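One structure is given here, and the rest of the page talks about it.
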């Protein structure tokens, strides 16, 4: 199974309006019409208005610097946390792919450091001989 950092890729393309002046007008109308901007409703309305006035969209490929494509985690705290978590888990004899990502994310967002998170999760999982993998002890599945 891939580690978390292998799934992370920077966005390399985005949709851009072909008529920026018309899009600016759509945004101005949306700001006047809606109390909250930006919002999903206001942007959807502006997009629909822009298209109704004949506006079109193109996909623009962005130039991505090599530094951004690097899988380094120094400026990506979540990836750094998961990388450290994976190292600690392996040292403890656990398997990264057996742990549910939601369990890891909960501990990350609570501010638990990777070492303590690995200990907590290893304590909440047990080895299932029949399945040949770690399973949550509180899981309803047998």
Boolean, residue 63 is at pLDDT below 90 and within 21 Å of residue 15 (Cα to Cα): yes
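Per-residue answers, yes or no, for (1) assigned to a loop (DSSP other than H, G, I, E, B); (2) closer than 21 Å to residue 116 by Cβ; (3) out of contact with any helix residue (DSSP H, G or I) (no Cβ under 8 Å at 6 or more places or on another chain); (4) modelled with pLDDT of 70 or more:
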{"site": "16", "(1), (2), (3), (4)": "no, no, yes, yes"}
{"site": "38", "(1), (2), (3), (4)": "yes, no, yes, yes"}
{"site": "42", "(1), (2), (3), (4)": "no, no, no, yes"}
{"site": "48", "(1), (2), (3), (4)": "no, no, yes, yes"}
{"site": "51", "(1), (2), (3), (4)": "no, no, yes, yes"}
{"site": "54", "(1), (2), (3), (4)": "yes, no, no, yes"}
{"site": "72", "(1), (2), (3), (4)": "yes, no, yes, no"}
Test for residue 60: is it closer than 30 Å to residue 79 by Cα and either in contact with a strand residue (DSSP E or B) (Cβ under 7 Å, 6 or more places away or on another chain) or surrounded by 12 or more Cβ atoms within 10 Å (Cβ to Cβ) (or both): yes
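The values are calculated or read from the model by the stated rules, or taken from the named source; none is laboratory data. Predicted model only: the values in this text are computed from it and were never measured. When we count neighbours, we look across all protein chains shown, and the Cβ atoms used for this are built from the backbone with ideal geometry, even at glycine.
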